[in-house]
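Below is one structure, written out as structure tokens, with a few remarks after it.
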Amino acid sequence: MVYPKVSIANLEDVLQHDIKVKVAGIDADGVLRGKIMSKTKFLAAVSKGFGMSSAIFCWDMHDETYNIGDVQPSEAPGYGDFVAVPDLTSFRRSKWDDGLPLVLLDFYNNDGMRFPACPRGLLKTILARLQHEDAQAHAGVELEFFNYCTPTDATPESKLAKPGRIASFLKDNPPSKLVPLTDGMFGYLTKSLGALHGITPSFMAKPSASLPGNSGHIHLSLTSLSTGTNLFAATSSHPPPSSSSSSSPSPYPDLATLSPLGQHFLAGLLAALPDIMPLLAPTVNSYKRLVPNYWAPTRVSYGLEDRRAAVRVVAPPHCEPAATRFEVRVPGADAHPHYAIAACVGAGWRGVEGRMEVGMAPLGKEEDEGEGGGKALPGSLEEATRRFKAEGSVAREIFGDGFVEFYARTREHEVGLYRQAVTDW
């Protein structure tokens, strides 16, 4: 549904028949956290924001408190308030909730700086780096999920019944829509509508050992802000940011389909993959999907139109030059879309700024992905988190120490819960 453009100037008119407004922010696990406000209070707070407890970044997806020690999400001691600012561009109405207005929030510290772990703010910060160089990012996310019939008796023996698999592709979106694309609304909508029809959708990366996992592949491309041309296409003449280093022709035919900027972006992405894995595969279960023979990558790899690879290069003659893009096939459907897209764009842009070169060959046609490619990707959340938070990691370079320390502690919390759990095995 298309909603009218909402601004402070016309907000009262848009809400004239409403009594309440739902506001919600997105936490470190992609869960919407919010409340319902009176319209009067919302109108009073919309321009400058309102205080909201930073404790929402201290709960895991099960509403248990993270064991993160002294790494608190807010600069204020005792999980004090940060400033929640409504983003009116996110305005929508929940049809399944009697048309209640819903507005998403951006979080700021009390000094006016973006709250480091705010998913929407983190992505906006990464995208702003590109815009300084006449570039803008486009992304599409493939979200796969299983539908389970909700049993009427809810006995343990009948918890899951008749799984059906659905793959949903969210088409390319420009930067003006890139943050809303990732706002968790697809999962929220799917689960809300499923509940109305006795269906439980599952975005779990690997809900069953005997079935394929649920992927969350990310398609990425860059275009010029001034001309709109695809910057990854071999026909693009857009220069990378100024640098003292120079580019040399690639010896690999697969890369001839890309512009120099596209090759640098790919190089940065490949170099960063092992260090940004917790942002692409954030749960213990994520790594059960990343196994050989299921078209799920286990090593750093790339290839032209190759779905075995960690990064599939989609370029002519398999598409029009304007559709040239990379498909990052590592993320599962359980990935936090803001963090995952920010990680991929930030990693690729790091390669562009440094004019990095792809130093490895693409996967061979007869090569097993489990054996070919570059270094192995982390095989568990514990291993991935160690690399993510290591001194000098690419993640620290892209996101800074504050975010990395906080997010690493949340993943260590997940690993700790897994160790304590008593399973059927």
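Taking the numbered list (1) in the same structural domain as Ala55 (by TED's automatic domain parsing); (2) touching a His at 6+ places or on another chain (Cβ under 8 Å) in turn, Leu102 passes all entries but (2). Restricting attention to segment 212-242, the residues being touching a Lys or Arg at 6+ places or on another chain (Cβ under 8 Å) and either among the hydrophobic types (A, V, I, L, M, F, W, C) or not assigned by TED's automatic domain parsing to the domain that holds Pro260 (or both) number 2.
The number of residues in segment 188-215 that are closer than 18 Å to Gly30 by Cβ and loosely packed, with under 13 Cβ neighbours inside 10 Å comes to 0.
What do you reckon, is Val352 within 18 Å of His138 (Cα to Cα) and in a helix (DSSP H, G or I)? The answer is yes for Val352.
Within segment 10-22, residues that are surrounded by 12 or more Cβ atoms within 10 Å (Cβ to Cβ) reach partners that are in a helix (DSSP H, G or I) and not aromatic (Phe, Trp, Tyr) with beta carbons closer than 8 Å, at six or more positions or on different chains, in the pairs Leu11/Leu43; Leu15/Lys39; Leu15/Leu43; Asp18/Lys39; Lys20/Lys39; Val21/Lys39; Lys22/Asp97.
Do we have any residue at all in segment 93-113 that's surrounded by fewer than 18 Cβ atoms within 10 Å (Cβ to Cβ), modelled with pLDDT of 90 or more, under 24 Å from the mean Cα position of the chain (by Cα) and of a type in the set (Ser, Thr, Tyr)? Yes.
When Arg312, Arg308, Arg325 are screened for being more than 17 Å from Ser221 (Cβ to Cβ) and either under 14 Å from the mean Cα position of the chain (by Cα) or not polar (S, T, N, Q) (or both), only Arg308 passes. I'd like to know if segment 43-63 contains one or more residues that are surrounded by fewer than 19 Cβ atoms within 10 Å (Cβ to Cβ), modelled with pLDDT under 95 and touching a Leu at 6+ places or on another chain (Cβ under 6 Å). No, segment 43-63 contains no residue that is surrounded by fewer than 19 Cβ atoms within 10 Å (Cβ to Cβ), modelled with pLDDT under 95 and touching a Leu at 6+ places or on another chain (Cβ under 6 Å). Residue under question is Gly34, and the condition is that it be assigned by TED's automatic domain parsing to the domain that holds Gly99, touching a Gly at 6+ places or on another chain (Cβ under 7 Å) and part of a loop (DSSP other than H, G, I, E, B); does it hold? No: the conditions fail for Gly34.
Pairing each residue of segment 115-136 that is within 12 Å of Gly400 (Cα to Cα) with any residue that is hydrophobic (A, V, I, L, M, F, W, C) and assigned to a loop (DSSP other than H, G, I, E, B), provided the two are 6+ apart or on different chains, yields C-beta distances under 7 Å for Ala117/Ala28.
The values are calculated or read from the model by the stated rules, or taken from the named source; none is laboratory data. Please read all numbers here as calculations on a predicted model, not as lab measurements. Here Cβ is always computed from backbone atoms with ideal geometry, including for glycine, and neighbour counts include all displayed protein chains.
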